[in-house]
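Everything below concerns the one structure shown next.
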Amino acid sequence: MHAACPARARRLTGNPCRPAATCRPVQRAEHIPRQAACAQRHRRREVACRTQQQPALQQITAAYGSAVQIIQIDAAADTETADRWGVFSAPTTFVLDERMQPRFVNRGVATRDVLADQLGALGVAS
């Protein structure tokens with residue numbers, strides 16, 4: 001069974017995903033990617049996203065591999081998506097379950113430990 005990645009990405013961003021960047025085939029339900037999105041709403045807040053949130057997301061990707069999928073949205077450039085998701089501060093991360101429903105919302109920097117705890121609560125093992 002393959003995940004319907006373009007439909008999922010379209011729900012998140014309003015645009016189809018780029019298959020090489022965001023889509024991976026899913027073999028079993030427990031391997032359905034959880035997704036976190038780092039949204040950058042204000043240009044002056046991009047520094048926190050770039051210098052604090054990005055390293056945390058990279059650490060999560062390194063630790064969890066294909067069990068986690070990161071989708072990043074520049075809310076300043078894509079205000080419609082930011083508004084639809086209720087992003088009003090940067091960085092904002094969403095941890096979604098396998099049904100693409102937000103289970104955790106972090107307004108401000110979410111550390112690697114915070115994200116790992118949230119993924120663990122969803123049953124995702126590193």
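Given 20 °C and 1.002 mPa s, how large is the Stokes-Einstein diffusion coefficient of region 53-126 in µm²/s, with Rh as the Kirkwood radius over Cα pairs? Reported coefficient: 168 µm²/s. When each of the peptides 58-64, 68-74 is scored by the mean number of other C-beta atoms lying within 10 Å of its residues, the order from highest to lowest reads 68-74, 58-64.
Taking 0.36 nm per residue of separation and subtracting the Cα-Cα distance, full extension of the segment from residue 105 to residue 50 would add 18.0 nm.
Here the accessible area is traced with a 1.4 Å probe on the protein chains. For region 62-126, carbon and sulfur cover 48 percent of it. What's the magnitude of the charge dipole for region 84-126 around its Cα centre, counting Lys and Arg as +1 and Asp and Glu as -1 at the beta-carbon? Answer in Debye, nearest 20. That gives a dipole near 180 debye.
The values are calculated or read from the model by the stated rules, or taken from the named source; none is laboratory data. The shown structure was predicted, so the numbers you read here are calculated from the model rather than taken from an experiment. In this analysis, Cβ positions are derived from the backbone assuming ideal geometry, glycine residues included, and neighbour counts consider all displayed protein chains. What goes into the accessible areas is simple: the full protein's heavy atoms, side chains included, and nothing from ligands, DNA or RNA. Shrake-Rupley method; radii C 1.70, N 1.55, O 1.52, S 1.80 Å.
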